[in-house]
Amino acid sequence: VSSVSSGDGSSPRVGWLVGSRRLWRPGAFVAFFAAIGFGPLVAGVSTVTLTQFEFILCLSMVVIGLNVVMGFAGQLSLGPGAIFGVAGYAAALVAAHAVAGGGLPIMVAAGIVAACVAGVVIGVPALRVGGFYLGMTTLLLAAFVPLVATNWNFAGSTGGIELIAISSFVQQPSGTALYLLIVGVVFVLSVLAWSTRHSRIGRRFSALRSSEELAASLGVSSYQTKLLAFVLSAVPAGLGGAFLVFSHQTISPGSINATLSVYILAGAVIGGLGTIVGPVVGGAIVFGLIQFLGGFAEYEGIIFGCLLILVVELAPEGLMGVRGRIGEAATRLFARRRSILPPALRGRLMGAPHRRAAFEHGTAGTDILSPGPFDELPSPLHAGLHQPGLARSASIRGSTPVSLEPERPAGPAGGSALEVRGLSRSFGGVQAVDGVDLTVRPGHLSALIGPNGSGKTTIINLVTGFYRPDAGTVTIGGEHLERRSAAWIAGAGVARTFQAPKLMLEDSVLENVMVASDKRIRCSDAESVLRIGRGRSATRVSASSATAALAELGIARYASEVAGEVPHGIQRLIEMARAVAVRPRFLFLDEPAAGLTPAEIAVLVAAIRSLTAAGVGVLLVEHNVRVVLDLAEEVTVLHQGLKIASGTPEIVRTDPEVIRVFLGRSADVPERTTR
Amino acid sequence: MNLDILLSGIVTGLASGSLYAMVAIGYTVVYNATRVFNLAQGQLVMMSILLCYFVLSVEKWPLVVALVICVVATGIAGIVEERFVVRPLLKLGHGRIGWLIATLAFSIIIETVVADVYGYNPPKAIPSPLISHVLRAGPVTLSMQYVLVVASLIGVVLLIEFFYGRTWTGQAMRATAEDREAAALFGIEPARLGMTAFAIGGVVAGIAGFVIAPIVFSTVSIGLTYSLEGFLAMAIGGFGSLRGAIVGALALGVTTELWDVYLGSHIDLAAGLCLLVLVLAIRPVGIFGRVGERTV
């Protein structure tokens, strides 16, 4: 059975390195930064020591940036030191030459601008190929930038730039004020990192990190998303470069060599990729050791090399990930103890973990059909789900109203069917799909059946843009899809599910569906991250829309659980809920019922029925012939890439060729084994 | 434009490309058997260069001893890397970049160890009986040491072709490169192949370091450059193909040399970068790469 594998290897994922998402505790977070900020002041350390702390903090900023591109978006970047160096040099040059007196704001602006430009210049060519190439190209730049600096006379070549020798440069603020300012910047960057992680950008990053196919199936352009991740990660690197030059008043090629990039990487991995506080902790450990290693400085490469290997091998989620895991284990242990309580109290006290346990013990099979706590929420979206014409809007108290995009069938191509004509594709001599015609009509359920390897999944991949057809057309109302990208087709309202569920396993179930509902809500990325303007209400509308979709599948109770930890059947239903949340015009379901319990299948069938009732054209690929013949209005039968029959279930059921293919014998000679 | 300068630039480029080719061959052998891109490959070459310096300049032992020590030491380093850095990660099986970070970390360890033993001394010349001899062909002159580099490349390629074609382990490796799962079904043990591949990668790096040492002097920081040039060669030629690695490396050598001749040698890493961008724009899988196999 072929799954989508076209780009499978092209994106080495860092997903496994991404730790728990439950690290956000505001009290501990603020206390952590207050300790960093005021601890040294209370202890009365000298100004020189403060400067050393500033070095650690500035490089932690770069680690925070690396975490955005690598931890959040899953893109391999091995040259964060290069962007840091470019920013540092830009700030130093501005202070030394361009503006009399320089000044911190101008240096910071120069650093950020230079870093972003460098990010784009590196990103644009390398992201085209992506994955491992991206990692190597960025590593190449880590070696290249110091080389350029060494040979650039205007930037002081080997000696670098000494701001202290420039009379117009005045370090203002300095001392304690500067230290607190830098701590403040790290604090703000960490808050922004958290905010980004849980914004619509963060959800797109997550989808990209999980799999490029998943991102594409949701209409997320992986190129644009990668570039955004790259540029966003350059901002903290730019700040770090500018502040370090301002604080130390010097920069030289030796201080930005390729090894620095490896140490920054070490900080991110050791702290915990994908976590919020991890980069600061990891950065503090690595650069703190470098700063205060004293007589061991010549062994730092050995120390960090071994540390990095050990962390990658033994604790790939990093320190914060391990911490999170211990916390979760403790919570679970605690929850298990509580189950001595009478059943009536259990649900209220323990919420989700108990239901998961119930599911694992087989009691959830019936439970799943009864309304859960979320299912009863009076949500206008939920109510409107079955009424396609109803204008949906949600106005939330005290914030800007946000409206969902109007129903798609109201658009110009609303009534058109999706037409597949003469679709063909071969793989190295094997004709997987051979001149297949198909029509998916809005509001109708068609089914595609056939033995293993008959080309069913390949057709879905061809129609949704994951494979390029060798020949044939795919049109909706005269508009051709066959040469479009998967993301474009998804954006045009053609959704799909995958045979093996593709979920953002480290994210909550709700976020897994929100990444789909986000697409229908008008809100800029900046508003979403900064939680201004439409940002807050958009997130809420998206969440309630996603909750409604989960409720449709009867799994709203799992909303706050981690997607990777729920049972397989639920994962399938999550994927279905995500497809519902897209509000597609056409939906291609690849064996959605595989591995589901009868109760879950009932929920699934109801959801599919309500989708077609709402005007969605559904194509169902399914092994369970009985289910298909009961459900579908039109059935197409494939055999070895060829369409051998199509029509109503009755016609197909009695077709001699179909019977021969499925039962391995001729219909008119019903042979009985007499042996 | 002076034709002689161009010609001699091309010849020198082919000769220095032969070195990149040896780095790229080390990558390819390891990559084919394990799907791991060993980022420490360049550092192994650097280690071999500095061992040469130690054996020939400090201890003043004969050349043969230097060759044996270089090859054995880098081979052992390769085995150690496979056993302690790569295999645990491949066994864990999660993700596909853990090994990238781990081999990068290992390369830093090698560099630091060598630097601590050797000290951060200024580059020193390494003696060789060949360096003063020159091969003349019309307007083109080439140091005999470079001739030795080219000859070693040919020798290494022939040996590896023999290994792939005639030995059981070599054929098993080739089968694994072709189809990992099918090879595993035939009882080919990936772990054993991995160790052999890393050992071969190490030995090739050792030979490369030995033949190039008199030309490049002794510097610790050159390892990363070799790792990167080797990657560029493979990316240009196409991953997984021995032929691609060699052609990519020679193209890279010539481009870099001509960049040096006409634009100056300060930032000649840019030559490779430009060539890479060009190749990726035209043919993202590299010259000999198979479509759909671009990925690692």
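The values are calculated or read from the model by the stated rules, or taken from the named source; none is laboratory data. Since this is a predicted model, take the numbers as computed values, not measurements. When we count neighbours, we look across all protein chains shown, and the Cβ atoms used for this are built from the backbone with ideal geometry, even at glycine. The accessibility values were calculated without ligands, DNA or RNA, using every heavy atom of the protein model including side chains. Shrake-Rupley method; radii C 1.70, N 1.55, O 1.52, S 1.80 Å.
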remark   = Residue hits (the range B:19-57; within 10 Å of B:G206 (Cα to Cα) and open to solvent by 10 Å² or more (accessible area, probe 1.4 Å)) are B:M47, B:L51
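Please verify whether B:V117 is assigned to a helix (DSSP H, G or I), more than 14 Å from every other protein chain (Cβ to nearest Cβ) and either more than 22 Å from the chain's Cα centre (by Cα) or touching a residue at least 40 places away in the same chain (Cβ under 8 Å) (or both), treating the condition exactly as stated. Steps first, please.
On the way: assigned to a helix (DSSP H, G or I): yes; more than 14 Å from every other protein chain (Cβ to nearest Cβ): no; either more than 22 Å from the chain's Cα centre (by Cα) or touching a residue at least 40 places away in the same chain (Cβ under 8 Å) (or both): yes.
Against the criterion (assigned to a helix (DSSP H, G or I), more than 14 Å from every other protein chain (Cβ to nearest Cβ) and either more than 22 Å from the chain's Cα centre (by Cα) or touching a residue at least 40 places away in the same chain (Cβ under 8 Å) (or both)), B:V117 does not qualify.
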ask   = How many residues does the range A:120-138 hold that are more than 7 Å from every other protein chain (Cβ to nearest Cβ) and not polar (S, T, N, Q)?
value = 9
ask   = Looking at the range B:187-226, which of its residues are away from chain A (no Cβ under 12 Å), assigned to a helix (DSSP H, G or I) and over 20 Å from B:A66 (Cα atoms)?
value = B:P190, B:A191, B:R192, B:L193, B:G194, B:M195, B:T196, B:A197, B:F198
request  = Please enumerate the residues belonging to the range A:284-301 that are open to solvent by 50 Å² or more (accessible area, probe 1.4 Å), more than 7 Å from chain B (Cβ to nearest Cβ) and at pLDDT below 85.
outcome  = A:G294, A:G295, A:F296
ask   = Under the condition of being more than 9 Å from chain B (Cβ to nearest Cβ) and of a type in the set (S, T, Y), which residue from the range A:142-160 is most open to solvent (accessible area, probe 1.4 Å)?
value = A:T158
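Restricting to the range B:227-249, what's the tally of residues that are away from chain A (no Cβ under 11 Å) and part of a helix (DSSP H, G or I)? Can you show your working first?
We begin by selecting, within the range B:227-249, every residue away from chain A (no Cβ under 11 Å); these are B:233, B:236-238, B:240-249.
After this cut, where a residue has to be part of a helix (DSSP H, G or I) as well, the list is B:233, B:236-237, B:242-249.
Selection size over the range B:227-249: 11.
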request  = Go through (1) open to solvent by 10 Å² or more (accessible area, probe 1.4 Å); (2) out of contact with any Pro (no Cβ under 6 Å at 6 or more places or on another chain) one by one and return the number of the condition B:V277 breaks.
outcome  = (2)
key: Matching option when the condition is within 24 Å of B:G75 (Cβ to Cβ), free of Cβ contacts under 8 Å to residues at least 24 places away in the same chain and assigned to a helix (DSSP H, G or I), among B:V29, B:V64   = B:V64
ask   = Checking A:R483 against (1) free of Cβ contacts under 8 Å to residues at least 24 places away in the same chain; (2) assigned to a strand (DSSP E or B), which single condition isn't satisfied?
value = (2)
request  = Return yes or no: is A:V63 modelled with pLDDT of 90 or more, closer than 18 Å to A:W194 by Cβ and either assigned to a helix (DSSP H, G or I) or more than 14 Å from chain B (Cβ to nearest Cβ) (or both)?
outcome  = yes
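Among the residues of the range A:562-580, is there at least one that is of a type in the set (K, R), closer than 28 Å to A:L192 by Cα and open to solvent by less than 10 Å² (accessible area, probe 1.4 Å)? Can you show your working first?
Taking the range A:562-580 first, the residues of a type in the set (K, R) are A:572, A:578.
After this cut, where a residue has to be closer than 28 Å to A:L192 by Cα as well, the list is A:578.
With open to solvent by less than 10 Å² (accessible area, probe 1.4 Å) added as a condition, the list becomes A:578.
Yes, that holds for at least one residue.
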query = In the range A:411-461, which strands (runs of 3 or more DSSP E) lie fully inside it and hold 1 or more residues that are open to solvent by 40 Å² or more (accessible area, probe 1.4 Å)?
reply = A:418-427, A:430-440
ask   = What number of residues in the range B:281-296 are at pLDDT 80 or above and facing chain A (nearest Cβ under 9 Å)?
value = 0
key: Any pair with Cβ under 9 angstrom, 6 or more apart, that starts in the range A:129-141 at a residue that is part of a helix (DSSP H, G or I) and crowded, with 24+ Cβ neighbours inside 10 Å and ends at one that is at pLDDT 85 or above and among the charged types (D, E, K, R)   = A:L134/A:K226
key: Among (1) without any contact (Cβ under 8 Å) to a residue 60 or more places away in the chain; (2) within 12 Å of chain A (Cβ to nearest Cβ); (3) in a helix (DSSP H, G or I) - the single one B:H266 does not satisfy   = (3)
key: Failed item in (1) assigned to a helix (DSSP H, G or I); (2) within 16 Å of A:R203 (Cα to Cα); (3) at pLDDT 90 or above; (4) open to solvent by 10 Å² or more (accessible area, probe 1.4 Å), with A:K502 passing the rest   = (1)
key: Unique match (being within 16 Å of A:T137 (Cβ to Cβ), free of Cβ contacts under 8 Å to residues at least 40 places away in the same chain, in a helix (DSSP H, G or I) and more than 9 Å from chain A (Cβ to nearest Cβ)) among B:L252, B:L278   = B:L278
task = With the checklist (1) within 25 Å of A:S211 (Cβ to Cβ); (2) among the polar types (S, T, N, Q); (3) at pLDDT below 90 in hand, flag the one item A:N461 doesn't pass.
result = (3)
query = Which one is modelled with the highest pLDDT among residues in the range A:127-159 that are under 25 Å from A:Q224 (Cα atoms) and not hydrophobic (A, V, I, L, M, F, W, C)?
reply = A:T138
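Select, from B:F84, B:F106, the only residue that is out of contact with any strand residue (DSSP E or B) (no Cβ under 6 Å at 6 or more places or on another chain), among the aromatic types (F, W, Y) and surrounded by 20 or more Cβ atoms within 10 Å (Cβ to Cβ). Give the steps one after another, and end with the answer.
Working: B:F84 fails: surrounded by 20 or more Cβ atoms within 10 Å (Cβ to Cβ).
Step by step, each of B:F84, B:F106 is checked, and only B:F106 is out of contact with any strand residue (DSSP E or B) (no Cβ under 6 Å at 6 or more places or on another chain), among the aromatic types (F, W, Y) and surrounded by 20 or more Cβ atoms within 10 Å (Cβ to Cβ).
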Subset of the range A:605-624 (residues that are touching a strand residue (DSSP E or B) at 6+ places or on another chain (Cβ under 6 Å) and open to solvent by 20 Å² or more (accessible area, probe 1.4 Å)) = A:T612
query = Counting only residues that are at pLDDT below 90 and small (G, A, S), which one in the range B:127-171 is least open to solvent (accessible area, probe 1.4 Å)?
reply = B:G170
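Answer yes if at least one residue in the range A:302-320 is under 23 Å from B:D116 (Cβ atoms), within 14 Å of chain B (Cβ to nearest Cβ) and at pLDDT below 85, and no otherwise. Steps first, answer last, please.
Of the range A:302-320, the ones under 23 Å from B:D116 (Cβ atoms) are A:302-311.
Now narrow it down to the ones that are within 14 Å of chain B (Cβ to nearest Cβ): A:302-311.
Okay, now just the ones that are also at pLDDT below 85, so none.
Scanning the range A:302-320 turns up no residue that is under 23 Å from B:D116 (Cβ atoms), within 14 Å of chain B (Cβ to nearest Cβ) and at pLDDT below 85.
Is at least one residue of the range A:253-270 open to solvent by 30 Å² or more (accessible area, probe 1.4 Å) and not hydroxyl-bearing (S, T, Y)? Before the answer, list the steps.
Within the range A:253-270, the first condition is being open to solvent by 30 Å² or more (accessible area, probe 1.4 Å), and the residues that meet it are A:254-255, A:257, A:259.
Among the residues that remain, those that are also not hydroxyl-bearing (S, T, Y) are: A:254, A:257.
Yes, because at least one residue in the range A:253-270 is open to solvent by 30 Å² or more (accessible area, probe 1.4 Å) and not hydroxyl-bearing (S, T, Y).
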remark   = Flagged in the range A:232-252 as more than 12 Å from A:V113 (Cα to Cα) and either in a helix (DSSP H, G or I) or open to solvent by 20 Å² or more (accessible area, probe 1.4 Å) (or both), in numbering order, are A:S233, A:G240, A:F243, A:L244, A:V245, A:F246, A:S247, A:H248, A:Q249, A:T250, A:S252
note = Of the listed residues (A:V529, A:V603), the one being modelled with pLDDT under 90, under 18 Å from the mean Cα position of the chain (by Cα) and β-branched (V, I, T) is A:V529
